[in-house]
Amino acid sequence: MKKRFRVAALVAGLGVLLLSLSGCGQSLSKQNVLQNDKDANTINWGVKADTKLFGLMDVQDNNIKGFDVDMANHITKHILGKKGKARFIQVTSQSRIPLLKNGNIDAIIATMTITPERQKVVDFSNSYFDAGQSILVPNDSNIHSVKDLNKPGTTVLGVVGANSVQNIKKVAPNARVLELQDYAQALTSLKAGQGEALTTDNGILYGMAVQNPGFKVVGGTFTREPYGVAVNKGQEPFVKAVNKAIKEMEADGEYNALIHKWFGNVPGFNYKELER
Amino acid sequence: MANIISNHWQELLTGLGWTLLSSVLALFFSLVIGSLFAIMEVTENKVARTIARVYIEIFRNIPLLVITSFFYLVIPLYITKVNGFTAGTIGLTIYTSAFIAETVRSGIQSVDSGQMEGSRANGLSFWQAMRYVVLPQAFKLVIPPLGNQFVNLVKNSSVLAFVAGFDLMYQANNIASTTFDTINSYMVVGVMYLIITMPISYYMRYLEKRLA
Amino acid sequence: MKSFIDAYSWINLRYLLEGLWVTVEVSVLSVIFSFILGSVLGIIRYTKIKYFSAIVGFLIDLVRNLPLLLIIFFTYFGLPNFGFKPAIIPATILAMTIFESAMLAEIIRSGIQAVPSGQMEGARANGLTYWQAMFQIILPQAYKKMIPALVSQFISLIKDTSLATIIVLPDLTYHAQIIYGQNANYIIPMFLALAVMYFIVCYGLSVLANYIDRRLA
């Protein structure tokens with residue numbers, strides 16, 4: 001009798017635990033993030049730390065540097081004024097949406113493409129960068145474009161949570177896709193021969209090619225990947241403020257200066273096309 | 001949770017399969033390797049003892065993730081191609097074998113040393129005595145700890161997710177980042193892990209009690 | 001050979017040591033917290049308080065039987081749903097504490113059980129209350145016997161912090177990844193550095209524990 005009671009109590013306990021965990025509230029959407037940030041004079045940005053040109057950790061001074069980081073700094077100043085502070089929290093393609101939804105970060109600026117699927121769970125600003133998906137291969141590779149990947153036995157590397165992984169599954173359904181934790185791991189895996197090509201957006205790939213002379217970007221782009229700043233649903237004032245900041249940056253030349261700074265010296269990359 | 005299960009049961013089952021396969025393979029090989037090093041540790045040969053000690057101490061004191069990544073990222077650069085599943089399983093085997101060696105060694109040592117002497121006096125060689133007298137008794141003693149090692153293996157096999165090893169955790173990461181339903185995705189695989197690990201844990205606890 | 005010398009430049013070494021410091025910081029705090037929480041849980045399991053001990057016991061078993069990675073996801077991605085938003089380092093410490101204290105609870109419970117029951121009876125007969133006897137007589141003996149098991153659990157904890165690279169904990173493993181991610185020639189030197197640094201910390205701890213064990217014996 002006693003034993004049966006114990007079992008019943010344990011099962012009930014487990015049930016209550018699962019229910020309480022899965023039915024959690026969404027009180028975040030009721031807060032006004034823009035107002036909170038103005039009060040704190042700080043915006044918490046989720047950025048990449050492993051992606052050359054966009055957000056890469058500099059081991060010399062432990063700062064993350066890249067186009068996304070500079071954009072975040074500029075947008076912050078436009079929204080909060082000259083004394084506004086931008087705080088950076090490192091995210092991966094996998095962790096950025098949960099962290100945003102949880103409120104650990106106020107906004108994502110981390111090579112994130114605006115897609116319809118994502119728009120169901122987060123809101124995006126207007127595009128702040130026009131990327132397109134491409135592939136990176138070793139210099140001696142016989143893969144010349146994404147078409148060469150669509151064969152059984154071909155392995156393509158990508159990153160968990162990246163849109164490019166979903167795209168390549170559609171464009172090259174016969175290839176096998178391996179998803180690594182972040183771009184540093186994916187690139188190291190490509191070098192180790194774990195796949196024939198690495199696929200993601202051209203900007204990121206050119207950054208890798210700059211650092212690694214043995215690799216090249218081939219075949220041009222096969223998708224359009226407009227990057228947006230992502231914020232939580234129900235934060236229209238924040239989205240508007242970001243859009244306004246991007247417009248101001250485009251109008252006064254700040255935007256083109258940043259494009260020039262980060263993409264002006266990248267071989268094979270026509271940065272003029274990116275200017276606005 | 002129901003959504004995740006009904007839309008992704010194929011990935012989840014595939015993941016479960018790879019997780020179990022990796023754990024079983026790693027258990028088998030780490031048992032073989034671990035026993036070998038355990039026997040080396042109790043022989044009279046000093047070189048063998050030292051080799052065993054060094055192996056055990058090195059791999060008990062380095063994180064599993066580091067060992068696994070080494071096989072995934074470094075070995076292919078210089079030696080031969082190793083895919084994520086294999087790299088993960090080799091990593092698990094090496095890591096676990098160091099722990100199993102310790103378990104089996106203490107099992108052997110807890111068998112009364114008179115047994116070995118008696119067998120030798122009756123004309124058995126060291127290896128015969130080990131094989132027919134000492135090891136069978138030692139293994140009986142170490143079954144519960146080995147069962148617990150298997151539970152550890154199932155849990156630790158989640159390291160395959162770091163090297164695209166298709167296991168349950170890898171699938172969970174992919175499901176979580178395509179459905180954006182993070183909590184429920186991990187909840188489902190959490191329950192799947194528990195379905196494997198809990199019964200084994202409880203059975204081992206029962207065996208321990210019976211042996212005690 | 002040249003890549004080894006370049007890889008171990010002062011800048012890279014300093015970056016690795018910063019990572020090692022995070023590993024040590026997270027480990028030390030988690031060891032302290034999980035030792036306290038694990039002791040409490042172990043005692044609760046041992047004392048068999050009606051229903052309460054059984055429920056606590058079941059929760060401990062749940063945690064013990066889950067992969068640590070899931071617990072890390074839970075503290076970093078799950079807890080904010082309850083209004084608590086830990087940053088990466090606190091989230092890791094919390095995850096390690098939850099996981100390790102569940103592991104320690106079992107060690108501590110069986111450690112207490114191994115103390116002969118006559119000790120408790122004797123202490124009670126001499127006028128000590130149950131809790132006085134527990135804290136003054138039973139626990140000190142139990143802990144002394146548990147040192148090897150406790151220490152090997154602490155070593156596991158240190159190694160397991162590397163898993164938190166998945167939520168970008170800036171620890172030793174992650175810092176090494178950042179360095180070899182930026183230059184493939186550094187990959188072997190970085191793995192060697194990882195192995196050596198973890199080994200020194202973990203093996204050093206077990207040598208220290210052996211020393212203490214022998215002094216106490």
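The values are calculated or read from the model by the stated rules, or taken from the named source; none is laboratory data. What you see is a predicted model; the values in this text were computed from it and never measured. Cβ sites come from the backbone with ideal geometry, for glycine too, and all protein chains shown count toward neighbours.
Computed values, structure above
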item	result
Residues (within 14 Å of chain A (Cβ to nearest Cβ), buried (at least 20 other Cβ atoms within 10 Å of the Cβ) and of a type in the set (A, V, I, L, M, F, W, C)) located in region C:185-210	C:I187, C:M190, C:A193, C:L194
Within region A:45-67, tally of residues that are within 14 Å of chain C (Cβ to nearest Cβ), under 15 Å from the mean Cα position of the chain (by Cα) and either surrounded by fewer than 21 Cβ atoms within 10 Å (Cβ to Cβ) or assigned to a helix (DSSP H, G or I) (or both)	1
Residue in region C:95-113 that is closer than 20 Å to C:A164 by Cβ, aromatic (F, W, Y) and away from chain A (no Cβ under 14 Å) present	yes
Looking only at region C:1-35, and only at residues there that are touching a helix residue (DSSP H, G or I) at 6+ places or on another chain (Cβ under 8 Å), among the hydroxyl-bearing types (S, T, Y) and over 15 Å from C:L172 (Cα atoms), the one that is farthest from the other protein chains (Cβ to nearest Cβ)	C:S34
Qualifying positions in region C:49-63 - within 11 Å of chain B (Cβ to nearest Cβ) and of a type in the set (F, W, Y)	C:F58
Qualifying residue in region C:101-118 (condition: within 18 Å of B:S69 (Cα to Cα), assigned to a helix (DSSP H, G or I), in contact with a helix residue (DSSP H, G or I) (Cβ under 7 Å, 6 or more places away or on another chain) and aliphatic (A, V, I, L, M))	no
Qualifying residues in region C:76-94 (those that are closer than 18 Å to A:T92 by Cβ and more than 11 Å from every other protein chain (Cβ to nearest Cβ)) - the one surrounded by the fewest Cβ atoms within 10 Å (Cβ to Cβ)	C:I89
Selection status of A:D70, within 10 Å of another protein chain (Cβ to nearest Cβ) and within 25 Å of A:F269 (Cα to Cα)	no
Unmet requirement for C:L66, which otherwise passes all of (1) over 28 Å from C:L192 (Cα atoms); (2) away from chain A (no Cβ under 11 Å); (3) assigned to a helix (DSSP H, G or I)	(3)
Single match in C:K159, C:K145 (criterion: basic (K, R), part of a helix (DSSP H, G or I) and crowded, with 20+ Cβ neighbours inside 10 Å)	C:K159
Single residue of region C:114-155 satisfying the filter (of a type in the set (S, T, Y) and farther than 14 Å from C:G42 by Cβ) that is nearest to the other protein chains (Cβ to nearest Cβ)	C:S152
Residue check, C:A105 buried (at least 22 other Cβ atoms within 10 Å of the Cβ), of a type outside the set (V, I, T) and in contact with a Lys or Arg (Cβ under 7 Å, 6 or more places away or on another chain)	yes
Selection count where residues are part of a helix (DSSP H, G or I), under 22 Å from A:K170 (Cα atoms) and of a type in the set (V, I, T), scope region A:190-223	1
Test: residue in region C:73-85 that is at pLDDT 90 or above and of a type in the set (A, V, I, L, M, F, W, C)	yes
For C:F58: the one exception among (1) more than 20 Å from the chain's Cα centre (by Cα); (2) within 18 Å of C:I178 (Cβ to Cβ); (3) modelled with pLDDT of 90 or more	(2)
Checklist (1) in a helix (DSSP H, G or I); (2) surrounded by 15 or more Cβ atoms within 10 Å (Cβ to Cβ); (3) out of contact with any Gly (no Cβ under 6 Å at 6 or more places or on another chain); (4) modelled with pLDDT under 95 applied to B:P76, failing item	(3)
Some residue of region C:4-14 being assigned to a helix (DSSP H, G or I), more than 26 Å from A:N104 (Cα to Cα) and among the polar types (S, T, N, Q)	yes
In region B:7-55, the residues that are closer than 25 Å to B:M192 by Cα and β-branched (V, I, T)	B:T14, B:T19, B:V24
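Residue-wise test of (1) surrounded by fewer than 20 Cβ atoms within 10 Å (Cβ to Cβ); (2) at pLDDT 90 or above; (3) farther than 30 Å from A:V160 by Cβ.
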residue	(1), (2), (3)
B:E117	yes, no, yes
B:Q128	yes, no, yes
B:V134	no, no, yes
B:Q137	yes, no, yes
B:K140	yes, no, yes
B:F180	yes, no, no
B:I196	yes, yes, no
